[in-house]
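Structure first, commentary second.
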Amino acid sequence: MQRKMRGRGIAASWYGIARTATVDRAGAWAELDDGGTAKVVTGVTEIGEGILTVLAQIAAEETGVRPEDVTIGDNDTARSPEAAHAGATRQTYMIGNSVALACREARDKLFAEIAEHWEVEAATLVAFDGELRAEGTNLAMSMTEAVDICKKRGVVPVGSGHFTSHGTGLDPEDGSGRPWQAYVFGTQVAEVEVDTVTGEVQVLGIWAAHDVGRAINPRGVEGQIEGGVVQGLGQALMEDYQTVDGHTTTHGFAKYILPTSLDVPEITSILVEDPDPLSPLGAKGIGEPALVPTAPAIMNAIHDAVGVRIKSLPASPEKVLAALAEKEAREAQKPAAE
Amino acid sequence: MPEIDLSLHVNGRKVTRRVDPGARLLDFLRDDLNLTGTKEGCGAGECGTCSVFVDGKLVKSCLMPAAKAQGTEIETVEGLARPGELEAIQKAFHKTGASQCGYCIPGMVMAATSVLREAPEASMEEIKERMGGNICRCTGYSKIIEAVALARDVVTGRATPDALEPERVGDSFIGSNVRRLDAPSKVTGRLKYAGDMVMPDMLHMAVLRSPHAHAEIVSIDTSEAEAMDGVACAITASDVPGTDGFGVFVHDQPIMARGKVRHVGEAVAAVAAENEVTARKALAKIRVEYRELPGLYDPEDALADSAPVIHDYAPDNVVKHIPLRKGDIDKGFAEAHLILEDEFATQQVEHAYLEPEAGLAYVDADDVVTVISPSQNITHHRHMLSEIIAKPINKVRFIMSPVGGGFGGKEDMIYQGMLALAAMKTYRPVRLVFTREESIIASAKRHPSRVRYRMGLTNDGRITAIKFEMLSDGGAYGMSSEGVMRKAAILSCGPYEVDNIQVDTRVVYTNNTPSGAFRTFGGMQAQFATESMMDIAAERLGLDPFEIRRINMMRAGSLTHTQQELKSASIDRVLAEAEKASRWEAGPAGMRGPERGDLGGPGTRAPCTLGARFESKAEKKGRVA
């Protein structure tokens with residue numbers, strides 16, 4: 001065997017969107033505001049995934065303003081409708097759809113007023129990027145003007161919306177049930193190089209294909225995939241929280257080893273869109289699913305490279321070397337046994 | 001306390017202050033100058049979130065005593081660009097989407113600035129090496145590296161400044177790469193996380209934590225601590241006015257240890273004082289008498305008949321067992337030509353978000369107890385706190401501050417209750433900021449798991465039956481364990497339609513650091529085992545790994561492991577896309593031989609070989625100074 005061996009592995013995966021085996025729900029309020037802006041209030045704060053930007057894109061698309069003209073309310077139990085927790089790959093699905101519905105209601109109120117003002121059918125109105133026009137006519141105005149006219153007619157264009165995901169609990173005996181209404185699938189291929197002298201594994205490439213329903217912000221989705229892959233890589237190869245009789249021996253980042261920029265493979269993300277038929281946006285989610293197949297794909301790649309299977313994570317250099325030594329010993333015995 | 005006069009330049013302005021000689025440069029910048037763009041992630045020089053320039057050199061300000069900065073020129077993230085403007089590197093971070101939670105980002109921007117100043121012609125490899133001292137937990141570094149390379153190209157004239165402008169939007173905002181709205185505040189360090197927030201008259205909290213894994217608390221005496229100058233209050237479980245107990249599924253955890261401690265690092269008492277130093281000193285004056293109890297450190301041991309009981313309500317130490325039964329596994333295994341049995345294990349994993357837990361609580365003018373913290377579930381926290389402090393729900397208010405990374409680790413209400421109690425006791429704002437070590441011992445981890453797997457297959461690769469048993473270590477408290485076991489069970493056998501399954505996932509109490517929610521919620525532990533089995537089976541049957549997955553994959557109309565009929569299943573599409581993009585060379589595992597053409601092609605990087613960087617004289621000459 002050469003010192004450095006390469007190999008490839010694949011892992012497939014699936015995941016459910018939003019809270020598990022229960023009815024999940026979220027709510028939002030929207031207002032088309034002066035100056036052609038929009039105000040969206042929902043219990044959500046960024047945990048890094050880009051939800052505020054995604055919601056601004058959704059609100060902009062639904063109301064006709066620009067994303068930068070959307071003000072998103074802060075997550076405050078005393079000031080905003082319940083959107084509940086930032087987890088379970090539920091933010092785009094649950095809160096995104098709530099915001100879309102709230103915005104549609106606000107927009108419909110505005111459109112009704114402008115339709116009367118222009119004496120056209122509301123169904124002919126289209127608003128995008130700060131401009132409102134009536135299709136099939138020369139009629140057009142800015143969203144600033146539209147809100148102004150709407151308010152002068154005595155209407156404040158506000159809306160509210162909520163979205164429900166209809167999961168059911170599991171049967172206590174056989175576990176049957178419908179835990180989610182939306183599922184996503186993913187597949188990752190890993191290419192690794194194993195140093196058979198040191199046992200060190202480097203991941204050189206990851207190809208990650210994930211169904212996200214509909215990508216609201218493709219670059220944001222890639223960011224989630226890249227982050228998930230690298231967390232998965234950390235768990236696959238180095239991270240290991242250790243305790244001895246309940247006392248941790250990995251109490252800081254000097255002992256608890258995390259991936260750095262030097263550990264990162266080239267990551268090729270492929271976004272697959274199988275839209276969700278049960279929601280207005282069709283988007284599903286990516287936060288958690290991105291991590292699921294990474295570690296098994298890497299273990300399968302190590303096996304392809306050097307013929308040893310690591311069944312206990314992480315595949316530390318020590319474990320890889322021990323497995324290689326065991327394999328060598330096994331192979332040395334074989335001819336004698338035959 | 002002796003003090004020294006410190007005089008230096010910060011972001012081009014002369015600053016003179018009288019400071020504690022023990023203060024770190026980081027404390028001086030954050031506490032004395034309110035330059036909170038410089039973050040504390042670990043306090044040990046490991047993570048790089050506190051990076052600043054000292055006389056032009058990139059320095060981790062948590063490792064430098066403030067006194068050593070006498071007479072120096074300091075540059076922090078706030079000083080990189082004029083207020084309201086962005087430097088090229090900051091624009092590049094904005095353009096590529098390099099900031100996610102943003103907590104590591106000021107440090108990353110400083111490290112990247114150092115690259116552009118010291119090695120403006122740096123190759124991708126050199127950029128990665130130079131950024132290697134800064135940890136990011138969200139982004140996987142890819143977009144950060146992309147941003148540095150983009151800024152490099154603009155700064156060196158290889159690309160025009162237009163490259164930093166936003167992408168054009170077509171006829172829809174959905175599906176377009178709208179730049180993150182929160183990025184400017186993150187790349188400039190302007191965004192305030194909970195630990196950056198201050199309020200007038202604010203107290204500082206410190207927490208006394210258990211040194212024992214399992215012990216009865218005989219007595220706690222806080223009188224000496226409370227008598228100390230500068231201490232506003234001490235709190236213990238006896239200060240809880242309502243029904244104590246929180247948890248995502250079972251409310252088995254008191255906000256501070258009640259009667260006994262169940263893991264090392266569990267909160268036992270807390271002090272609120274005029275400053276952090278006094279609060280920490282006061283902890284040493286709290287007298288706690290413990291009587292140690294036998295501990296449980298292995299989930300198998302927890303199931304033994306004679307095992308110590310950790311929670312009285314669960315005499316068998318089982319937090320939750322989730323069974324799935326579909327079809328008839330005896331029949332399924334009888335139909336199999338090949339039966340594989342194996343075991344798999346995953347480790348306990350730390351979330352390692354760069355922002356340690358932090359929060360601020362106060363009682364407002366309407367007597368509303370308000371807690372600001374990076375909680376991932378303020379709705380549920382509000383319900384639980386209302387019971388704990390015995391107040392109606394409209395007198396409890398949770399505000400979610402920007403979260404510097406969560407990944408599930410900030411779903412547990414492990415400190416907000418203490419802050420609320422201290423605020424109620426003093427009617428003053430109280431702030432608590434965890435150290436990294438505190439965060440690691442007190443917060444939940446990913447469940448370590450052991451899986452025993454039995455899979456039956458026909459010779460043509462069709463799975464006929466699966467028996468799947470998972471045992472997980474839940475640690476000392478329930479937290480999200482129940483849900484994690486449920487999700488692990490539901491997803492256990494992967495994206496495959498299997499007619500006959502028997503799945504059991506169990507989680508038990510031990511005296512280890514608690515396990516809780518962590519991105520995938522049990523899904524990865526379960527599918528690691530399944531995906532390993534799929535490859536083991538493929539090898540035994542001489543099948544290509546993609547092929548065996550296609551033979552078994554779910555389709556529209558398939559019944560899942562919980563017998564739900566799927567309306568659609570995109571597994572066929574993601575398999576095909578991954579196969580195509582990676583230029584997968586078909587063939588059974590281990591049989592591709594030495595003549596394969598799939599390795600080392602597009603989509604891979606060169607292996608990293610750290611060491612001295614050699615360059616020819618000609619290259620050196622060509623470098624921009």
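We did not get these values from a lab; they are worked out from the coordinates using the rules stated. In this text the structure is predicted, and so the values were computed from the model without any measurement. Here Cβ is always computed from backbone atoms with ideal geometry, including for glycine, and neighbour counts include all displayed protein chains.
The table below gives the values:
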{"item": "Inter-part distance where segment A:159-182 and segment B:498-514 are each reduced to a Cα centre, Å", "result": "22 Å"}
{"item": "B:Ser51, B:Ser401, B:Ser223, B:Ser515 arranged by Cβ crowding within 10 Å, fewest neighbours leading", "result": "B:Ser223, B:Ser401, B:Ser51, B:Ser515"}
{"item": "Paramagnetic reach from B:Arg82 (point 7 Å along Cα→Cβ, amide N under 18 Å) across segment B:161-194", "result": "B:188"}
{"item": "Distant-in-sequence amide H partners of B:Leu293 (H built 1.01 Å from N, under 5 Å)", "result": "B:His214, B:Ala215, B:Glu216"}
{"item": "Lys/Arg +1, Asp/Glu -1 at C-beta; the protein assembly as shown dipole; positive extreme among B:His321, B:Met524, A:Leu262", "result": "A:Leu262"}
{"item": "Theoretical FRET efficiency, 1/(1+(r/R0)^6), r = Cβ-Cβ of A:Lys151 and B:Lys14, R0 51 Å, to 0.05", "result": "0.50"}
{"item": "Cβ charges +1 (Lys, Arg) and -1 (Asp, Glu), total dipole of segment B:399-453, debye", "result": "140 debye"}
{"item": "Positive-pole candidate from A:Ser80, B:Pro602, A:Thr20, dipole of the protein assembly as shown, charges at beta carbon", "result": "B:Pro602"}
{"item": "Globularity index of segment B:4-79, i.e. its alpha-carbon radius of gyration over 2.2 N^0.38 Å", "result": "0.95"}
{"item": "Most mobile of A:Ile267, A:Ile17, A:Ile286 in a GNM of chain A (Cα contacts under 10 Å)", "result": "A:Ile267"}
{"item": "Radius of gyration and maximum dimension Dmax of chain A, Cα, Å", "result": "26.1, 96"}
{"item": "Qualifying GluC sites (Glu not before Pro) in segment A:67-155, DSSP loop, other Cβ atoms within 10 Å at most 14", "result": "A:Glu119, A:Glu121, A:Glu135"}
{"item": "Ranked B:Ser480, B:Ser568, criterion: other C-beta atoms within 10 Å, fewest first", "result": "B:Ser568, B:Ser480"}
{"item": "Inter-centroid distance (Cα atoms) of segment B:449-479 relative to segment B:370-411, Å", "result": "35 Å"}
{"item": "FRET efficiency for B:Phe249 and B:Leu63, using Cβ-Cβ distance with R0 set to 45 Å, rounded to 0.05", "result": "0.60"}
{"item": "Per-residue Cβ neighbour rank within 10 angstrom, fewest leading, B:His380, B:His561", "result": "B:His380, B:His561"}
{"item": "Separation between Cα centres of segment A:74-129 and segment B:283-342, rounded to whole Å", "result": "47 Å"}
{"item": "Sum of -39500 (n - 2.57) over DSSP H runs of 4+, divided by residues of chain B (222 nm, nearest 500)", "result": "-7000 deg cm²/dmol"}
{"item": "For residues of B:554-567, the mean tally of beta carbons on other chains within 10 Å", "result": "4"}
{"item": "Pair A:Ala140, B:Asp55: separation of 7 Å Cα→Cβ label points (nm)", "result": "6.2 nm"}
{"item": "GluC sites (Glu not before Pro) within segment B:102-206: DSSP coil, no more than 16 neighbouring Cβ in 10 Å", "result": "B:Glu121, B:Glu167"}
{"item": "Cut-off 18 Å, label 7 Å out along Cα→Cβ of B:Thr609, residues of segment A:173-199 by amide N", "result": "A:192-199"}
{"item": "FRET efficiency estimate (nearest 0.05) - Cβ-Cβ, A:Ala123 to A:Ala329, R0 45 angstrom", "result": "0.05"}
{"item": "Dipole moment magnitude, nearest 20 debye, segment A:181-222 about Cα centre, only Lys, Arg, Asp, Glu C-beta charged", "result": "380 debye"}
{"item": "Within segment B:4-79: Cβ-based charge dipole about Cα centre, in debye rounded to nearest 20 (Lys, Arg +1; Asp, Glu -1)", "result": "80 debye"}
